[in-house]
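Data block below; observations after.
The values are calculated or read from the model by the stated rules, or taken from the named source; none is laboratory data. Predicted model only: the values in this text are computed from it and were never measured. Positions of Cβ are generated from backbone atoms using ideal geometry, with glycine treated the same way; all protein chains shown enter the neighbour counts. Ligands, DNA and RNA are excluded from the accessible area calculation, which covers all protein heavy atoms including side chains. Shrake-Rupley method; radii C 1.70, N 1.55, O 1.52, S 1.80 Å.
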Amino acid sequence: MKNLVKLLVGAGVLAAASSVASAATLDDVKSRGTLRCGVNTGLAGFASPNNQGQWTGFDVDLCRAVAAAVLGDPDKVNYTPTNATERFTALQSGEIDLLARNTTWTLSRDTKLGFNFAGVNYYDGQGFMINAKNLEGITSALQLSGASVCVQGGTTTELNLADYFRANNMEYNPVVFQALEEVNAAYESGRCDVYTTDQSGLYSIRLQLAAPDDHVVLPEIISKEPLGPAVRQGDDQWLDIVKWTLNAMIIAEELGITQANVEEMANTSTNPEVRRILGKEEGSTLGADLGLPNDWVVNIIKGVGNYGEVFERNIGSGSPLKIARGLNALWSKGGIMYAPPIR
Amino acid sequence: MATDSTHLPGPAATSRSSALNNPQVRSIIAQVVLVVLLALFIWWIVGNTTDNLRRQNIASGFGFLDARAGFDVAQSLIPYGSNSLYRQAFLVGLLNTLLVAVTGIITASIIGFLVGVGRLSRNWLIRQICMVYVEVFRNIPPLLVIFFIYLGVLSALPGARDSLEVGIPLGIQTPFGLIGWDDTIGFNAWLNNRGFFIPRPVFNEGSWLILAGLIAGLVMSVLVYRWARARQMATGEQFPVLRTSILLILGLPLLAYFLAGMPVDVDVPVKGNFNLTGGVQVKPEFLSLYLALSLYTASFIAEIVRAGILGVSRGQTEAAYALGVRAGPTLRLIIIPQAMRIIIPPLTSQYLNLTKNSSLAVAIGYPDLVQIGQTAMNQSGQAIEVVAIWMVVYLTISLTTSVFMNWFNNRMSLVER
């Protein structure tokens, strides 16, 4: 009988512990005091630990921006490195509040996985990289029939690769690993001729190779890869917060609000749009309606800077990657980065 | 209460006190309660899971198995392409798992048996070498053995353009210069960091005669074996069965080959744009997993074999020698059959371990059930279903192996009498 009681008590404890914490992610984050953010295991420029062990990168700065908006401090983030296989279950199970891990926005991820994408923070496309020293004379992806191709498993990249070779009647040998580091090692050791992933990823990976100059990225872009942050379905408030954090960063770039001048602009600007966004408009409840303090945009820009600053610092001209803005320039400057107005 | 106790046999039926005090009744009640609680627990877990999945709008169910997979797989025993279904992708993974498990089990058994017997050898050097082998492989985690062979051995081979030809060298390079000729008798087999390339036979019209020759050879060998045994029982005369069988099994197909006008061509690997093309490519992922699992499990099998042989009492050997039986037949006919009774049960566990360890394939990208399942899980988003498939499949493979080995064990113990 004693054992029976123990069993019943045990079952009760389990039942209590497993009641799912869904809905108000904002309250959870506030009461916990930290944002739990899922990032890449190590993709230079996007998410990787620096030599002091702190996470830095383009995706990391999005986590920091959300933490700044919600908690007022960009450093209050717990990073969970996830590989391609783990990332979705980590978000579904509630292990992380936000997935900012160069993840492509697709219909099935919206529907079958139960996610909502909060926008696009990087417009990318899939490309191919080869070792030009070993494979002289190859200048186009259409010459790759018969090649061994390294690819990370469980990605949209893997599917596009199959489609592209099938559409062009070419053959290839897939070499598939689940972890990015394993794909990199296999490519470096010559196990495959070609590395395929998003072009931004190729530039980043090329930097980590022993002789980056030997490798070239072929000109073909074979897919659309809109990369963006994802959250769980069923919590519209949290989705709004992440969505408008990203939008605020883009709008700040449009208006010339930078990390350096944000305080000054908040105090002295007479431009009504700037005053409204920075929470200085009389009687405005824009921040409070999101469940955030009124100076949430000031906190974001003070913490990480505007979209352009984050881009240039991590992957653009201020970084070893030197990726041009291209599609990711503002709509007013030839790109397609466009944010709905904050009003 | 009293009516309950009348249904129970034994002391309960005669007991006058409350049935609750009867240990048998109490144990039955406790078990019933436990089973009910367990069923409730499982029902609650399943309900809770489906509830939460629905609330989070996550798709569930096994319907995705009939959808187009969309991804390619590096190595497949059946025709498979990106247009195939998830169901077929899982089948490809299962067959790849079985391939590495079966080849691994055969190789591990052979190596393990040789090393196990070698550890009991009278030759000091053989004994020590076998001991070092066992101690090295037994004490390293299998994942490290896999990594060592994959990254340390196969990745270090030259690239496709400088492939090594496998053959017999006619000369040897010494510090004093070349001895012999600077040439090699090649088998058209090549080794590079993309794997091991061997020629592939292409069977043209008329090849059925070779198969027929092989079958005839096998049947005749069995007949010869039976006849020779019957004759030995009757007259005591021995017949060289092994040599005759080899001659029959190899000779008849060879004869058929020439009679049919040499219908077999060989598809030789040749250098292509990126890699060697043609022939059979044994990929390094398979090679390293197969070698690592074989070498690792062989060290355990060696110890089991040694224990089995030592478990047969010394008197058996002495009795055989006293009757004038030589050392070879003593081992083959007297010691090993008795040792098998001790060897087979733990051997079964090792076979199961090897099969389950094959899921370490995921670390080096060999497309086994787990690796393909992970890709499928991520492309379809059906994590729970994929994990359920894994569990059911591995359970089925393991139980089938157990059933077979138990049958084999029973057979061996009958032979003993």
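In this label model, A:Asn261 and B:Arg326 are separated by 10.1 nm, measuring between points 7 Å along each Cα→Cβ vector.
The label point for A:Asp236 and the one for B:Leu144, both projected 7 Å from the Cα toward the Cβ, are 5.6 nm apart. If you roll a 1.4 Å probe over the heavy atoms of the protein chains, what accessible area per residue do you get for the range B:84-170, in Å²? Heavy-atom accessible area per residue stands at 53 Å².
Seen against the Cα atoms of chain B and their longest principal axis, helix B:336-357 is set at about 80 degrees.
With springs only between Cα atoms under 10 Å, which of A:Asp193, A:Asp75, A:Asp289 fluctuates most in a Gaussian network model of chain A? It is A:Asp289. Taking the Cα centre of the protein assembly as shown as reference, the dipole from Cβ charges on Lys and Arg (+1) and Asp and Glu (-1) amounts to some 3440 debye. Shielding of peptide B:365-371 by partners, expressed as the average count of other chain Cβ atoms within 10 Å per residue Cβ, is 3.
The calculated FRET efficiency for the pair B:Glu165 and B:Asp265, based on their C-beta separation and a Förster distance of 25 Å, comes to about 0.75. Here the Gaussian network model covers chain B, with springs between Cα atoms less than 10 Å apart; of B:Ser398, B:Ser349, B:Ser17, B:Ser17 fluctuates the most. Take every DSSP beta bridge whose two residues both sit in the protein assembly as shown; close to 70 percent of them are antiparallel. Distance between the C-alpha centres of the range A:225-268 and the range A:285-307: 8 Å, rounded to the whole angstrom. For chain B, the longest principal axis of the C-alpha atoms and the axis of helix B:369-380 are separated by about 70°.
When the charge dipole of the protein assembly as shown is built from unit charges on Cβ atoms (+1 for Lys and Arg, -1 for Asp and Glu) and taken about the Cα centre, the candidate among B:Val305, B:Met391, A:Gly228 whose Cα reaches farthest toward its positive end is B:Val305. Would you mind checking A:Lys30/A:Lys76; A:Lys243/A:Lys302; A:Lys243/A:Lys322; A:Lys30/A:Lys243; A:Lys30/A:Lys112 for any pair whose Cα atoms are more than 20 angstrom apart? Beyond 20 Å: A:Lys243/A:Lys322; A:Lys30/A:Lys112.
Interface B-A: total buried accessible area of about 3800 Å², 1.4 Å probe, protein heavy atoms only.
Among B:Gln128, B:Gln316, B:Gln75, which one moves the most in a GNM of chain B with springs linking Cα atoms closer than 10 Å? Result for chain B, Cα springs under 10 Å: B:Gln316 fluctuates most. Shown in residue order for the range B:91-99 are the 3J(HN,Hα) couplings computed by the Karplus curve 6.51 cos²θ - 1.76 cosθ + 1.60 at θ = phi - 60°: 5, 4, x, 4, 5, 5, 4, 5, 4 Hz (x for Gly and Pro). When each full DSSP H helix of chain A is screened for a Cα extent of at least 30 Å along its own axis and an average Kyte-Doolittle hydropathy of at least 1.0, none passes. Extension gain, B:Ser18 to B:Ala307: 0.36 nm times the residue separation minus the Cα-Cα distance gives 98.6 nm.
Using a probe of 1.4 angstrom and keeping all protein chains present, the accessible surface of the range A:108-187 works out to 33 square angstrom per residue.
Here the relative contact order of chain A, from alpha carbon pairs under 8 Å that lie six or more residues apart, stands at 21 percent. Considering only A:Ala211, A:Leu239, A:Ile342, and ranking their Cα positions along the charge dipole of chain A that arises from unit charges at the beta-carbon of Lys, Arg, Asp and Glu, the one farthest toward the positive end is A:Leu239. Positive end of the dipole of the range B:23-142 (Cβ unit charges, origin at the Cα centre): among B:Ala39, B:Gln128, B:Gln24, the Cα lying farthest that way belongs to B:Gln128.
Against the main long axis of the alpha-carbon atoms of chain B, helix B:383-415 sits at an angle near 80°.
Could you tell me the relative contact order of the range B:79-204? Use alpha-carbon pairs under 8 Å, at least six residues apart, and round to a whole percent. If you can, show how the numbers build up before the last one.
Working: 93 pairs, mean separation 18.0, N = 126.
It comes to 14 percent, rounded to a whole number.
For the peptides B:272-280, A:277-285, residues were scored by their other Cβ atoms within 10 Å and the scores averaged per peptide; the highest-first order is B:272-280, A:277-285. Ligands, DNA and RNA left out, the accessible area of the protein assembly as shown computed with a 1.4 Å probe is 62% carbon and sulfur. Taking the Cα centre of the range B:332-417 as reference, the dipole from Cβ charges on Lys and Arg (+1) and Asp and Glu (-1) amounts to some 460 debye. The share of alpha-carbon pairs in the protein assembly as shown lying farther apart than 34 Å comes to 64%. When the chymotrypsin sites (Phe, Trp or Tyr not before Pro) in the range B:109-178 are filtered for DSSP coil states and for at most 16 other beta-carbon atoms within 10 Å of their beta-carbon, the remaining sites are B:Phe176.
For A:Trp55, the residues whose amide H sits under 5 Å from its own are A:Asn50, ignoring neighbours fewer than 5 places away on the same chain, with H placed 1.01 Å from N.
Within the set of other residues whose C-beta is less than 15 Å from the C-beta of A:Ala248, count the net charge using Lys and Arg as +1 and Asp and Glu as -1. That works out to -2. Going through the range B:46-131, which trypsin sites (Lys or Arg not before Pro) have at most 12 other Cβ atoms within 10 Å and a DSSP loop state? The qualifying sites are B:Arg122. Assuming charge only on the beta carbon of Lys and Arg (+1) and of Asp and Glu (-1), the dipole of the range B:300-366 about its Cα centre is about 80 debye to the nearest 20.
Projecting label points 7 angstrom from Cα along Cα→Cβ for A:Lys322 and A:Ala211 puts them 2.0 nm apart. Annotation: peptides A:247-260, B:371-384, ranked by per-residue average of other Cβ atoms within 10 Å with the highest first, follow the order B:371-384, A:247-260.
If each DSSP helix of 4+ residues adds -39,500 (n - 2.57) and the sum is divided by the residues in chain B, what number results at 222 nm, nearest 500 deg cm²/dmol?
That comes out to -20000 deg cm²/dmol.
Scanning chain B for GluC sites (Glu not before Pro) in DSSP loops with at most 16 neighbouring Cβ atoms within 10 Å leaves B:1-204 as the longest stretch between them. When only Cα pairs below 8 angstrom with a gap of at least 6 residues are kept, the range B:29-139 shows a relative contact order of 12 percent. Extent along the principal axes, Cα only, for the range B:90-179: 51, 46, 22 Å, with the longest axis given first.
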